[in-house]
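Presented below is the structure to which this report refers.
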Amino acid sequence: MAIRVNPKLIDDLERFGAEDVKFCYHCGDCSTVCFHADEVYRFPRKSMRYLQMGLGRKIETTLEPWLCYYCGQCSEQCPREADPGETMMSLRRWLISRYDITGIARLFFKSLTTEILAVIGVALLTGAFLLFYGLSQGNFSIYDGEGAFLPSHFIHSFDLLVGACLAVFLLINAVRMWFFVMVRGTSFPVPWWLYPKKLYLMVWHFFSQKRYSECERKRNTKVFMPWIVHLGLMLGYVIMLVLVMGFVEKLQYGPRIIWPVHIFGYLATIGLTIGTIYFIRNRLIRKNYVQYKKSHSTDWVFVILLFVIVLTGISQHIFHRTGLNEFANVTYIIHLMAVVPWLLRMPFSKWSHLVYRPLAMYFAEIRREALKRQGAVLPAYSY
Amino acid sequence: MRNGVFFCQVEDGKNLNIDAIAKYAANLPGVEIVQNLGVKPHLKASLLADLILTNSLTRIVIAGDMPGYYKPVFTKAMALARCNTDEVRLASFKEHGATGDIALDRAKATVACANMGVPFALVAIPTGNPVNHSTLVIGGGIAGIQASLEIANAGKQVYLVEQTGTIGGHMAMFDKTFPTLDCAACILTPKMVSIGQHDMIRLLTYSNVTEVSGNPGSYRVRIHQRPRRIDVDSCVACSICSDVCPVKVDSEFDSKITKRKAVYIPFPQAVPNAYLIDEASCTYILSNGIKCGVCAKKCPKECINLTEAESFLDLEVGNIIIATGYELLDVQKIEQYGYGKYPNVLTSIEFERLTNASGCTGGRIVTKTKLFNRKTQLEEWVFVPEGVPPRNVAILHCVGSRNNKYNSYCSRVCCMYSLKFAHLIKEKIPDVRCYEFYIDMRAFGKGYEEFADRIRNEGTFVVRGHSASVEMVNEQMTVKGEDIIHDRMVQFKVDMVILAVGLIPSTGTEEISKMLGITRDSDGWFSELDYNGNPTDTEKGGIYVAGMCQGPKDIPDTVAQASAVAAGVLRSISSGRGIGHLSSVSLSEIEKRAKTIHTV
């Protein structure tokens, strides 16, 4: 494969957050202190090297950025203050924009205005459509059942439509990722049966986020706080997605509480609320944590939208149970106005790491196994 | 002439009152307009050309810390205005030393010279003061020794002031020198002996310079002589006093890996070869003469005077040489290397003492042994000659050097002495494995690259990749790193880790810089007058810097610089023109002289 050098790659990456890559003098301290760097996947130094050399096409095919969970140890150690941790974070953003076939992700990451305008535009469109639909057939003072303003079967099909859009985009991007990594970036043969053999890893990493918990080792604490909160946030999100896609009729049914369904909703809400507040607080106050020192504008859009969704979701539920149907309808429309852009934005934002990370772990293990079969893995040289 | 004076600062010139200089410039002959363009202005040649035309200026003076930065745009403006482009004159504050107390006057003087169109250096020539023929050397390391010998051998009086009990400095601690692997003591001790015996050198050990006044050519210096409490002339270094002394403290000369007594001689070849009493640990002194005093009773020559008082010595000297050297960065604050936590993590100078044949193990390289100290009832890790030699040794380069958190500069000698360590270890211990972790191999001198190649060929594992961690797992140290050239991770079990610690200016450097009025650079080293053209002189006439105190350098460079300093001192003595200093030239004098000089 011909190697193409892009001398402006570092400058380009600056827009994604990494500003200090040029300072790196390759001492390898960062790879040494990283808990995740091993004989096959050595980072962050190697990624820094590729960046300095402008090998964008090469980085596209690597998985290292996804194997990093940004504990920040490398940035704390770096003698040149080149911030390798933030570089890996920016590379993840950059990779998302590379996997994305539409080019929207790149636009969002590079321009906050575009992103905000897009979010507001989609929100307004959603709101207008829902209002139009509700006014044309329903009664504003009825929340559910006969003659409801937004009947739940309609919302269900609406959700499925949005979900389908989301799934299509994510699927295309995931296939592109597979193509970049496993086809273009893997010059050695990969036996087909490794794919089903290692499939369990994807599920395992998706639900446990074990590698994230390993990052916490550096703090010498018994409770791995950011990991637990992150896991809760993720599980809450997934449960909520399942509920909304499959059980929205039951969820909206009221005012009686259907415990078998609603209990999951409550649990998910707790996870989302705590997660959102925790991460907003970290980004606002805990500036002394390396990983929260630099927040990209897209991170803020993400947490703020999530906060709005959680807040309106809870309040529409309460309004509905207390019989304030008009308020419930209003908050529900606001809720959906935030949910739709948030969901549609997902394949083009950092939140898509929900899919890419487990995929990366899965691919990484397949590649490692295939490499081992080639006899190409050198064990850590030691005595 | 119709002149325009423009002030442009590149750095934020808070220490200079630009408005005052502008007011002064407005009253200079021929000045039409004065403008303060501020810090880092973005200038447009076309606008400047308009300004030149409307005021019909014929000469431009750009004044500022780095006015050359703006010369191109003004030259272009002059060309656009169809004026003589040669008439863009620079008044550079930084170049002509407008710092400190004299900053304002110096800046005004540079503006005045530029306004007259004459070079500052042609106008400001200090008048030569008569020179006292004796010289003061501060610091008795290899730099101070070399400079003293050069001057004394030319027949001029030298006062060599050293704050410890012996001269020799850091070089006396070393075992071998790189890249020739000569014995350091074999080079140094003959020089030390000649210092001690030289007629023209007065050696003042255990002394500090406390006060300096006067002008270049005639400095009055006050030297504080701490009481040695043993008469240097009658002591024969028989060691009886030391044998009977009950107090044991860490030996500074052995970089605290061994103990010495309260009455001690730093090392057997010390010059002057006499014992001294450490007032910080001596029981007799600490108890105000109530306890102990046994050394004075046992001394066969009766040369111990435990009640000797401190004394002061006033000297008149013409030149002063600063050769105060360096010390190691406190490596304990770089936690990841485990220095102070794990017993067998050593600094470079500790290893240097360990491997030295006059060291505590007689030159055997061993790991520390755990011994029970009966006095303190604690277990201690100490070096003993019968200790176990290490099987694997890791040497880590750039510890605290080239690191933005500690020293951002390269300490320059670490690569080479680390390679030397690898050689010494392989020479002394058969079948030892030696690992060097480096970032960049800075083998910059004559024969250095060949030396590095030689060490590689000797079988040392030279890993291009810095290690950031030393870990202890089950009483076994491991050093982890990334081998960048072979593209693999490495992890070695080692018994000893040697840290090539970065160098910093020695403790008293700041005090001396204040006392003598010499500026230091941002890293704390003394500033030379001009890095390329005049690396030994300082901005103050008659004061010179030699050796490490000016910046990290190895022994050959230190010796060369010390000899160069001696040449400067001897030049000032024998030229007959005396030495002066720019600060003695007043502003009015410069103004007057600027008018008399005509340039084409």
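Between B:ILE504, B:ILE512, B:ILE484, the distinction of being within 12 Å of chain A (Cβ to nearest Cβ) and not basic (Lys, Arg) belongs to B:ILE484 only.
Scan segment A:129-146 for residues that are surrounded by fewer than 12 Cβ atoms within 10 Å (Cβ to Cβ) and either of a type in the set (A, V, I, L, M) or over 23 Å from A:ARG321 (Cα atoms) (or both) and the total you get is 3. Mind checking which residues of segment B:513-537 are in a loop (DSSP other than H, G, I, E, B), touching a residue at least 60 places away in the same chain (Cβ under 8 Å) and within 19 Å of B:ILE102 (Cβ to Cβ)? Across segment B:513-537, the qualifying residues are B:GLY517, B:ILE518, B:THR519.
The number of residues in segment B:424-445 that are out of contact with any Ser or Thr (no Cβ under 8 Å at 6 or more places or on another chain), of a type outside the set (A, V, I, L, M) and farther than 23 Å from B:ARG402 by Cβ comes to 4. In segment A:44-66, the residue that is nearest to the chain's Cα centre (by Cα) out of those that are surrounded by 20 or more Cβ atoms within 10 Å (Cβ to Cβ) and closer than 18 Å to A:ILE366 by Cβ is A:TRP66.
Residue-by-condition table, conditions (1) crowded, with 16+ Cβ neighbours inside 10 Å; (2) in contact (Cβ under 8 Å) with a residue 12 or more places away in the chain; (3) under 40 Å from the mean Cα position of the chain (by Cα); (4) assigned to a loop (DSSP other than H, G, I, E, B):
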{"position": "B:GLU11", "(1), (2), (3), (4)": "no, yes, yes, yes"}
{"position": "B:PRO29", "(1), (2), (3), (4)": "no, yes, no, yes"}
{"position": "B:GLY38", "(1), (2), (3), (4)": "no, yes, yes, no"}
{"position": "B:SER56", "(1), (2), (3), (4)": "no, yes, no, yes"}
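Restricted to segment A:151-175, and to residues there that are farther than 15 Å from A:VAL355 by Cβ and surrounded by fewer than 13 Cβ atoms within 10 Å (Cβ to Cβ), the residue that is modelled with the lowest pLDDT is A:HIS153.
Looking across segment A:68-103 at every residue that is within 14 Å of the chain's Cα centre (by Cα) and of a type in the set (A, V, I, L, M), the one that is surrounded by the most Cβ atoms within 10 Å (Cβ to Cβ) is identified as A:LEU91. The residues of segment B:64-84 that are without any contact (Cβ under 8 Å) to a residue 60 or more places away in the chain and in a helix (DSSP H, G or I), listed by number, are B:PRO67, B:GLY68, B:LYS71, B:PRO72, B:VAL73, B:THR75, B:LYS76, B:ALA77, B:MET78, B:ALA79, B:LEU80. I'm checking my understanding of the structure. Among residues of segment B:85-108 that are within 26 Å of B:GLY517 (Cβ to Cβ) and part of a strand (DSSP E or B), which one is modelled with the highest pLDDT? Filtering first and then ranking leaves B:ALA91. Against the test of being modelled with pLDDT under 90 and under 30 Å from A:CYS78 (Cβ atoms), the options B:ASP487, B:ASP495, B:ASP523 yield a single qualifying residue, B:ASP487.
Applying the criterion of at least 1 residues that are farther than 19 Å from B:TRP381 by Cβ and not hydroxyl-bearing (Ser, Thr, Tyr) to the strands (runs of 3 or more DSSP E) found wholly in segment B:243-351 leaves B:259-261, B:311-317, B:319-322, B:326-328. Residues of segment A:21-37 that are at the interface with chain B (Cβ under 7 Å from one of its Cβ atoms), surrounded by fewer than 24 Cβ atoms within 10 Å (Cβ to Cβ) and either among the hydrophobic types (A, V, I, L, M, F, W, C) or more than 15 Å from B:ARG464 (Cβ to Cβ) (or both): A:VAL33 alone.
Within segment B:325-341, being of a type in the set (Val, Ile, Thr) and touching a Ser or Thr at 6+ places or on another chain (Cβ under 9 Å) holds for one residue alone: B:VAL331. Taking B:ASP557, is it within 30 Å of B:THR180 (Cα to Cα) and among the acidic types (Asp, Glu)? Judged against the criteria, B:ASP557 is a match.
Checking the stated criteria, A:GLY28 turns out to be over 27 Å from the mean Cα position of the chain (by Cα) and not hydroxyl-bearing (Ser, Thr, Tyr). Under the condition of being touching a helix residue (DSSP H, G or I) at 6+ places or on another chain (Cβ under 7 Å) and in a loop (DSSP other than H, G, I, E, B), which residue from segment A:238-269 is nearest to A:VAL162 (Cα to Cα)? Filtering segment A:238-269 for residues that are touching a helix residue (DSSP H, G or I) at 6+ places or on another chain (Cβ under 7 Å) and in a loop (DSSP other than H, G, I, E, B), the one nearest to A:VAL162 (Cα to Cα) comes out as A:PHE247. For segment A:176-201, give me each residue that is among the aromatic types (Phe, Trp, Tyr) and either under 30 Å from A:MET337 (Cβ atoms) or surrounded by fewer than 13 Cβ atoms within 10 Å (Cβ to Cβ) (or both). The answer is A:PHE188, A:TRP192, A:TRP193, A:TYR200. Listed by first and then second residue, the pairs linking a residue in segment B:164-191 that is over 14 Å from B:VAL271 (Cα atoms) to a residue that is β-branched (Val, Ile, Thr), with Cβ atoms under 6 Å apart and 6 or more places separating them unless they lie on different chains, are B:ASP175/B:THR355; B:THR177/B:ILE555; B:ALA184/B:THR177. Where strands (runs of 3 or more DSSP E) sit wholly within segment B:361-470, those with at least 1 residues that are under 19 Å from B:LEU499 (Cβ atoms) occupy B:378-382, B:392-399, B:433-438, B:461-464. Scanning segment A:193-211 for residues that are among the basic types (Lys, Arg) and either assigned by TED's automatic domain parsing to the domain that holds A:ALA37 or part of a loop (DSSP other than H, G, I, E, B) (or both) yields a count of 1. Scanning segment B:79-108 for residues that are buried (at least 20 other Cβ atoms within 10 Å of the Cβ) and touching a strand residue (DSSP E or B) at 6+ places or on another chain (Cβ under 6 Å) yields B:VAL88, B:ARG89, B:LEU90, B:ALA91. Taking segment A:129-147 as the range and being touching a strand residue (DSSP E or B) at 6+ places or on another chain (Cβ under 7 Å) and of a type in the set (A, V, I, L, M, F, W, C) as the test, only A:ILE142 passes.
Of everything in segment B:31-58 that is among the small types (Gly, Ala, Ser) and at pLDDT 90 or above, the residue that is farthest from B:VAL88 (Cα to Cα) is B:SER46. Of the listed requirements (1) within 30 Å of B:ASN215 (Cβ to Cβ); (2) surrounded by fewer than 20 Cβ atoms within 10 Å (Cβ to Cβ), B:HIS486 misses just one: (1). Of all the numbered requirements in (1) more than 8 Å from chain A (Cβ to nearest Cβ); (2) under 32 Å from the mean Cα position of the chain (by Cα), B:VAL432 misses one, and that requirement is (2). The test for being within 28 Å of A:CYS24 (Cβ to Cβ), surrounded by fewer than 21 Cβ atoms within 10 Å (Cβ to Cβ), away from chain A (no Cβ under 14 Å) and aromatic (Phe, Trp, Tyr) holds for B:PHE444.
The values are calculated or read from the model by the stated rules, or taken from the named source; none is laboratory data. Note that the coordinates shown come from a computational prediction; the quantities given were computed from them, not determined experimentally. Every residue, glycine among them, receives a Cβ derived from its backbone with ideal geometry; neighbour counts consider all protein chains shown.
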